[in-house]
Amino acid sequence: HTINIDDLTAPVITGTLATVNVNGCSAADLPAALTTVAALEALGLTIADNCTADASLVVTSTNGAPSGNCPMVIVRTYTISDACNNSSTITQTFNIDDNTAPVITGTLATVNVNGCSAADLPAAMTTVAALEALGLTIADNCTVDASLVVTSTNGAPSGNCPMVIVRTYTITDACNNSSTVTQTFNIDDN
């Protein structure tokens with residue numbers, strides 16, 4: 001009489017893995033996957049198997065395809081396998097988001113304009129290249145210069161002879177992080 005004793009019971013995973021928010025630009029910014037039951041349990045899970053000791057359970061992982069942008073969402077699936085190849089899975093979600101505003105270095109020189117009113121202001125710059133031509137350095141950790149959006153607003157005029165107007169430039173990256181720089185215009189009838 002032959003009796004086959006086989007472990008047909010998968011490891012039991014209790015608990016959930018918290019969503020992790022990562023400041024970054026791409027899937028390359030994901031933290032390294034965990035490789036041991038002890039490391040997973042340190043995140044709050046309880047993992048047990050009826051026949052295989054925790055230290056002998058095998059942990060593998062795969063990352064799903066990224067979806068979305070700002071944040072980019074990636075779901076990592078951990079598989080815990082016992083000595084008889086029974087396995088259970090658990091997932092962890094990662095939100096990779098650019099939370100870093102563009103960095104602006106330098107200042108814009110004050111411009112003296114011969115004129116009578118705010119209508120005499122020069123046109124606002126509309127690109128990073130144009131602002132950098134005026135002496136600024138503008139850089140973003142994730143968005144290339146050509147894709148940064150430049151907008152501007154003019155403050156209310158103050159004074160007379162000269163009339164002073166402060167223009168604020170806002171540089172915004174692909175994830176809506178922004179930084180500002182100002183330029184002063186002195187409009188005077190000379």
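The values are calculated or read from the model by the stated rules, or taken from the named source; none is laboratory data. Note that the structure is a prediction, hence the values are computed from the model and not measured. Neighbour counts are summed over all protein chains in view; Cβ atoms, including those assigned to glycine, are modelled from backbone coordinates with ideal geometry. Surface areas here come from the heavy atoms of the whole protein model, side chains and all, with no ligands, DNA or RNA. Shrake-Rupley method; radii C 1.70, N 1.55, O 1.52, S 1.80 Å.
Listed values, structure above:
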item: Karplus-derived HN-Hα couplings along the range 142-152 (A = 6.51, B = -1.76, C = 1.60, θ = phi - 60°), whole Hz, x at Gly and Pro; result: 10, 9, 6, 3, 5, 9, 6, 9, 10, 10, 8
item: Selected from Thr100, Thr143, Thr110 as most flexible by GNM, with the chain as the system and alpha-carbon contacts under 10 Å; result: Thr110
item: Computed [θ] at 222 nm, helices only, for the chain once each DSSP H run of length n ≥ 4 contributes -39500 (n - 2.57); result: -1000 deg cm²/dmol
item: The range 74-106 and the range 114-170: distance between their alpha carbon centers, rounded to Å; result: 41 Å
item: Residue-normalised accessible area of the chain, given per residue in Å² at a 1.4 Å probe; result: 55 Å²
item: Within a Gaussian network of the chain (alpha carbon springs, distance under 10 Å), most fluctuating of Asn99, Asn86, Asn23; result: Asn86
item: Per residue Cα convex hull volume in Å³ - calculated over the chain; result: 134 Å³
item: Options Ala156, Val128, Thr19, ranked by Cα towards positive dipole end of the chain, top entry (Cβ charges); result: Ala156
item: Heavy-atom accessible surface of the range 74-138: percent carbon and sulfur, 1.4 Å; result: 52 percent
item: Largest to smallest principal axis extent of the C-alpha atoms in the range 33-135, angstrom; result: 88, 23, 20
item: Amide H partners (placed H, <5 Å) of Gly155, local residues excluded; result: Val166, Arg167, Thr168
